[in-house]
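Working notes, structure below.
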Amino acid sequence: MGWRQSLQGADVPMGRTIYLNEPLRNAFCENSISTAKYSMWSFLPRYLYLQFSKTANAFFLFITILQQIPDVSPTGKYTTLVPLLVILVISGIKEIVEDYKRHMADKLVNSKNTIVLRQNAWQMILWKEVNVGDIVKATNGQFLPADMVLISSSEPQATCFVATSNLDGETNLKIRQALSETATMKTEKQLSNLSGKIKCEEPNFHFNSFAGTLYLNEKSPISIGPDQVLLRGTQLKNTEWILGIVVYTGFETKFMQNAVKSPLKRSKVEKVTNMQILVLFLLLLVMSLVSCVGAIYWKDRYRAEPWYIGKSDYDYHSFGFDLLVFIILYHNLIPISLLVTLEIVKYIQALFINWDEDMHFKGSNVYAMARTSNLNEELGQVEYLFSDKTGTLTCNVMTFKKCSIAGITYGDLSSKSDDGAKGLSQSPCFISDAYEFNDPALLQNFENDHPTKEYIKEFLTLLCVCHTVVPEREGNNISYQASSPDEAALVKGAKKLGFVFTTRMPNSVTIEAMGEELTFEILNVLEFSSNRKRMSIIVRTPEGRLRLYCKGADSVIYERLSENSLFVEETLVHLENFAKEGLRTLCVAYIDLTEIEYEQWLVMYKKAITVVKDRMKTLEDCYDSIEKKFLLLGATAIEDRLQARVPETITSLLKANIKIWVLTGDKQETAINIAYSCKLLSGQMPRIQLNANSLEATQQVISQNCQDLGALLGKENDLALIIDGKTLKYALHVEVRKCFLNLALSCRTVLCCRLSPLQKAEIVDVVKKQVKAITLAIGDGANDVGMIQTAHVGVGISGNEGMLATNNSDYAIAQFSYLEKLLLVHGAWNYFRVTKCILYCFYKNVVLYIIELWFAIVNGFSGQIIFERWCISLYNVIFTSLPPFTLGIFERCCSQESLLRYPQLYRISQTGDIFNIKVLWIQCINAIVHSFILFWLPAKMLEHDMVLQSGYTTDYLFLGNFIYTYVVVTVCLKAGLETMSWNKFTHFAIWGSIMIWLGFFAVYSSLWPTVPVAPEMTGQGSMALVCPHFWLGFFIVPIVCLIQNVAWKSIRNTCHRTLLEEVREMESSGVQVLRRDSVQSFKVEEVNLQRSSSPRPCQVIFRNNSVDLGAPHGYAFSQVERAVISQEELVRSYDTTKNKPQKTFSSATLE
Amino acid sequence: MTWSATARGAHQPDNTAFTQQRLPAWHPLLSASITLPLFFCAGLAFIGLGLGLYYSSNGIKELAYDYTGDSGTGNCSVCAMAGQGRAPPPPCSCAWYFSLPELFQGPVYLYYELTNFYQNNRRYGVSRDDSQLSGLPSSLRHPVNECAPYQYSAAGLPIAPCGAIANSLFNDSFSLWHQRQPNGPYVEVPLDRTGIAWWTDYHVKFRNPPLVNGSLALAFQGTAPPPNWHRPVYELSPDPNNTGFINQDFVVWMRTAALPTFRKLYARIRQGNYSAGLPRGAYRVNITYNYPVRAFNGHKSLIFSSISWMGGKNPFLGIAYLLVGSLCILVGFVMLVVYIRYQDQNDDEEDDE
């Protein structure tokens, strides 16, 4: 889409001007979008161009053109053209079907409804009818139809919240605020009278930049920045309604400008296949050259040509001419139907993925979706898995799970909750209550005057007061809106325990503590920042005392505890326990302030907020000066809930020798927590943490670690590497990169935190190039798009977050756990299927067409064909077209259950040993041997042309038809031999193909002269089918060919059993366990696969301080930082006791 | 942005064994224990069949004589010498004498065999017009280009039948004489020259052009015979059902052979006293020696052969069956060894555990 923009840009270099309420002057692009590849008119030229840019198709086109030269073609003029057309038509139909779907999807989007101001009244129109300059009204929960500038909103200070996860993958809501000049314009009348213009920059793809100026009549120009802009694809949240002026529409919206077409990915198998086609092409050239030399030799033997051939006027037998003849003669070595067969096969494989009920998420009725079918077999070869965290491993739902108050931990119902978890594990993201904090002991202690009662009260009060959450009351229900999910979880948790946060007013909050209403005056909000790792709030309690409540990381709180603080040790132990379970912990503490202290501080504070330079720093120093001598209350533990079956899936993938890297934009602490909870990290695993501020430091720490590892470097160790985005930037520098990768690839688990989307893509790219293994990236947000596009296979989680990741992915699934089935079952199966299908296609073509070479030896290298010309071209299209399909669609190495039960089986496809150039050569040699047998046995059988009972003599085509029949039988049986799973379709394909040929043979031999084709076939069928030699050969020739294959296969299956054979035997015998289970199977597999190096316990002695051997503490907290308006301003702008003004407004609009 | 996965839910097909890839299937697992009996059974069956075929083929009698006329190989060498380097070779005849000590079991077929003759050469093989041969008048006048250089005669007339195959029609002829008593007279053995072509060739593929005024000659008016022919196509035989394009010698010749050594059926001997075969006695074959084969180092032979259910004598198939049968048995033994060794190994492993 870039070119559209640049064209536009060239026309109007000054940017665009949008005139308010003057629709005729705003002529810009339409808001309807089209993602389709073709239109009605562009289809044919574009389609043909795409098809013939494929080498194989171009090759066949070239052959077709060659065949038009008179006297060159041994096979007639149209025998390549017709199959080529058939194939083009088939893939054309597929293209049309796919494009039709895109057209329908576009139509769906384009015909969504929205409300705009037209002729001074609100009108409901379709998205595609929205124009630049329109004033759009959007209500809560709606997606915005175009990029627009916010005029006003229902919220105080004309703010609104938008979910931008569709665009950038960030989960916290973004605040947008209208210009104060327009904030009051809310009625139709005001809006209709609006006149003036907006000048703004040309459309571009930067989400976070916008430069414009608003010229309202009779007012000075006002600049508009990104804080006023609402983008298409974002969703309005927590805001009753907003009004906005459309500035960019359709393809010019930032969303569409970013929606680049995912790059065309080609699978490894496809690349190998192309190599193999090249090999075959070389073989073709070699054969042609050999034949040309043969022709020269033959001519030489006779000096001149024998008299019976007849002299011709011009010299036929120039070398170049012969070469063309032979290239046409042998060109079918390159399987013409391979590409279209693969396309259809992969399309159906993709449908199987789409249809799979095991990957159907019933919670939102989402099925898995293969958005491309190119990479089906690549799924079976994944070695490195790069996973996003938020929304991928986790649900992005926070729940207050446990706490430790005054040295007593609550909510630790591990045994019980585990049972519950199993039962509900199918869809935990959608269940709320069962998972939340639930420990009656806490309330009992509180009610029964337990010695710690006061602490409990203080603890819960803190949770209710110390936050920036806004309550929203609807009837008796209170819902909380927070830009920090942690705070929301805590407030909700407190509510469940009887401490309900009910009202927020600009200067106070009101809570109901066990039914008792308490109002706290909020004096100051000491904001959170990731530097400070804590937030505090200074309140005046209902009793009139000054108190500072603080919650934050254990490290910062513990530093600031007063000596009088109790339960310090116990709480620390609890923190470690929480952290080991992967819970996010916060310490909470408070301090009572004296009036004097506070007054003094306030002076400082007021000074600090007026500082212009380095205000953040000054403020933080100022906050720091009062946050001291804390008294510890306890700790909270929040569960960042994992998606269903994540730990199990990860364990299983690890068993399948897939290395898992977590790449997250989130904080280091959070990432570590999640790694623990999904069993990527275990308690004893040493963690190498790389955090450095400079290139030198990075280099130094990396080489230090490499040295410590010594000989273990390059092997898989039971280590975890944790690195943050800044350090990674240095680590990926050219001179450090190699060292870093060596270190990273020696660790079992790698966590990369605080990565920008670009870095995610970069690291995938680096690993992809370094290890030459197949990589898979999985993510759900827009920030994962880069890595999804970079990795060999990109998987998008189609969850609650936007569709951007999904739309750029190759496969979309609803849950991380479906990856297990996608890789271990579909991936492995598809790999087997596709590779077998390809090898078989090569095999069958080589078998048939090498026979022409054997025949050339006895016909003086003249280029004569031994088969009827149409039979040659129909070979691939009809007679042997079905077995590749059944191999490609129905082949199964073993059952789904076994593949899931023994993830080790994945290594067979992962290593790719069953498909490479060597395998192709073996297959080719096998095919050449078969073709040798298939030509010479029948040739010897018919040596004296006297095989008919009535003494008639036979001709060359009689032999040709014998051979052709035996080829079809052999090739079909060979497919049967390759097939590990015979279902009804397989039977039909194998026996059916033979029957189809025999039927065709009989019919085709009796067409001439009624139908003017194949005069030379006349009578062949009736003679051959009653000839005893035909049937005697029918049995022996294919058996001679295949006897070696059968023998070889049975010997290998007997002597050299792999895990796969064990499993297959187990399946067919119906026994549920391997005869030599667990230990033995491991042994077998070690012996056979040679690749597995099971992680051994790490015995390295680290001599540097970057390695953390201790237990983690689990601090994590997320909160918006540096927003348009500060957290303090935000909380102070709410008064939840008042009704919002929009109520009247919105009801008015409905009339 | 909304071609979402959720929208697809409605289009899901039924949840069947096919869509869930759970179709019942047979999972063969080839191993020595399974293929072992198969190899033995197949081997025995093949050997049995092979023996049958071998003896069946051996029961077929064949009598061949190379009459190319290499110097010192009989009286055809005179003709061969005479024809050397001359085109067209002069008419010449020679004879082959042989005697049968016992009855040559019938029905007896007479074949000629050419060697080193590449009927399967591409340029030779395509040099024909099947439309012309199927009697299409338009093709008669306008032979296809593939026939060149035997498409039009020097005078510009279309050649009928056109092409190199027709031009090189085998034109030696044979007659068989039987001497019943020693020194008795030779009696001509009737050779049946009809019924030597495939039924479809004679009735479907080859048709004379429509007669003009009841005359075949007029139908071919305005065409020239191939340059090597001495007479026009409609005079190939006096028998109206065996002349023109449907002359059976011609039809047989037009079916081009697969290999450079090939046989063509010349006649069947099935009339009169000879329906049971050739009785014992002395025989003479009179050969009209026309066809030049020495130019391309070829040979020509005459073959008398009887025909069984499997055609002519060719022990190859029987031998092939015997060999394959033995091979199966051999592989069977290899399987047996593998099977036994594997069993031992397996037991050892189980003992280890």
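Each value in this text was obtained by applying a stated rule to the coordinates, not by laboratory testing. Computed from a predicted structure; not experimentally measured. Note that we place each Cβ from the backbone using ideal geometry, even for glycine, and neighbour counts take in every protein chain shown.
For A:His1056 and A:Ile69, calculate 0.36 nm times their separation in residues minus their Cα-Cα distance, and state this gained length in nm to one decimal.
Full extension from A:His1056 to A:Ile69 adds 349.9 nm.
What ³J(HN,Hα) values, in whole Hz, does the Karplus curve 6.51 cos²θ - 1.76 cosθ + 1.60 give for the stretch B:108-120 when θ = phi - 60°, with x put for Gly and Pro?
9, 10, 10, 10, 10, 10, 10, 10, 6, 10, 8, 5, 8
What residues qualify as long-range amide H neighbours of A:Val397, i.e. H under 5 Å apart, gap of 5 or more or another chain, H built at 1.01 Å from N?
Residues meeting the criterion, in which the H sits 1.01 Å from N, are A:Arg641.
List, largest first, the extents of the alpha carbons of the stretch A:30-152 along their principal axes, each in whole Å.
79, 22, 21
Using the 2.2 N^0.38 Å rule of thumb for compact globular proteins, work out how the protein assembly as shown stacks up: its C-alpha Rg over that value, please.
This ratio for the protein assembly as shown stands at 1.25.
What ³J(HN,Hα) values, in whole Hz, does the Karplus curve 6.51 cos²θ - 1.76 cosθ + 1.60 give for the stretch A:668-679 when θ = phi - 60°, with x put for Gly and Pro?
4, 4, 4, 4, 5, 3, 5, 4, 5, 6, 9, 6
With label points built 7 Å along Cα→Cβ from the Cα atoms of B:Leu330 and A:Phe932, find their separation and express it in nm.
So the label points at B:Leu330 and A:Phe932 sit 1.5 nm apart.
7 Å from Cα along Cα→Cβ at both A:Lys984 and A:Lys655: what's the point-to-point distance in nm?
If labels sit at A:Lys984 and A:Lys655, their model points lie 3.5 nm apart.
Pop out the ³J(HN,Hα) list for the stretch A:569-582 in order, Karplus 6.51 cos²θ - 1.76 cosθ + 1.60 with θ = phi - 60°, rounded to Hz; leave Gly and Pro as x.
Going residue by residue, I get 5, 4, 4, 4, 4, 4, 4, 4, 4, 4, 4, 5, 7, x Hz, with x marking Gly and Pro.
What order do you get for A:681-693, B:183-195 when each peptide is scored by the mean count of other beta carbon atoms within 10 Å, highest first?
Those peptides, ordered most packed to least, come out A:681-693, B:183-195.
Please give the calculated 222 nm ellipticity per residue for chain A, where each DSSP H segment of at least 4 residues contributes -39500 (n - 2.57) and the sum is spread over every residue; nearest 500 deg cm²/dmol?
-14000 deg cm²/dmol
Could you give the Stokes-Einstein D for the stretch A:889-944 in µm² per second, using the C-alpha Kirkwood radius, 37 °C, 0.692 mPa s?
My calculation gives 223 µm²/s for D.
Would you please give the residues with an amide H less than 5 Å from that of A:Gln689, counting only those at least 5 places away or on a separate chain, with H modeled from the backbone geometry?
For A:Gln689, the qualifying residues are A:Ile722, A:Val1107, A:Asp1108.
Consider all pairwise Cα distances in the stretch B:259-339 and report the whole-number % of them above 19 Å.
So the portion of pairs separated by more than 19 Å is 65 percent.
Per the Kirkwood treatment, what hydrodynamic radius in Å, one decimal, follows for the stretch B:190-319 from the mean inverse distance over all distinct Cα pairs?
The answer is 17.6 Å.
Using only the alpha-carbon atoms, what does the stretch B:60-306 span along each of its principal axes? Please give whole angstrom values in decreasing order.
Cα extents, longest axis first: 57, 39, 30 Å.
Which ordering of A:Trp1008, A:Trp829, A:Trp1048 is given by a fewest-first count of other beta-carbon atoms within 10 Å?
A:Trp1048, A:Trp1008, A:Trp829
Relative to a virtual label point 7 Å from the Cα of A:Glu543 in the Cα→beta-carbon direction, which members of the stretch A:456-473 show backbone nitrogen distances below 16 Å?
Under cut-off, by backbone N: A:456-462.
Give me the one-decimal nm value for the distance between modelled label points at A:Lys37 and A:Arg25, 7 Å along each residue's Cα-to-Cβ direction.
That separation, rounded to one decimal, is 4.4 nm.
Could you give the distance between the Cα centres of the stretch A:889-935 and the stretch A:565-626, to the whole Å?
64
Set the Förster distance to 22 Å, then compute FRET efficiency between A:Phe205 and A:Glu181 from the Cβ-Cβ distance, nearest 0.05.
0.15
Just want to confirm a number: the relative contact order over chain A, from Cα pairs under 8 angstrom separated by 6+ residues, in percent.
The normalised contact order for chain A reaches 14 percent.
For the stretch B:60-306, calculate the relative contact order in percent as a whole number, restricting contacts to Cα pairs under 8 Å that are 6 or more residues apart.
Dividing the mean separation by the residue count of the stretch B:60-306 yields 40 percent.
Which log10 I(q)/I(0) values does the stretch A:454-545 give at q = 0.15, 0.19 Å⁻¹ under the Debye formula, counting every alpha carbon as one identical point scatterer?
-0.54, -0.88
Going through the DSSP H helices of chain B, which span 27 Å or more along their own axis at the Cα atoms while scoring at least 0.0 as a mean Kyte-Doolittle hydropathy?
TM-like helix candidates: B:32-58, B:316-352.
Quickly estimate the mean residue ellipticity at 222 nm for chain B, helices only: each DSSP H run with n ≥ 4 gives -39500 (n - 2.57), and the total goes over all residues, rounded to 500.
Per the formula, -9000 deg cm²/dmol.
Would you pull out the residues with amide H under 5 Å of A:Ala370's amide H, same chain only if 5 or more places away, H placed 1.01 Å from N?
Those qualifying (amide H under 5 Å, at least 5 residues apart or on another chain) are A:Asn354, A:Ala812.
How would A:Asp810, B:Asp201, A:Asp358 line up from fewest to most surrounding beta-carbon atoms within 10 angstrom?
With the fewest neighbours first, A:Asp810, B:Asp201, A:Asp358 line up as A:Asp358, B:Asp201, A:Asp810.
How do A:Trp1031, B:Trp309 line up, fewest other C-beta atoms within 10 Å first?
B:Trp309, A:Trp1031
Between B:Tyr186 and A:Phe1034, what's the calculated FRET efficiency when r is the beta-carbon distance and R0 is 45 Å? Round to 0.05.
0.45
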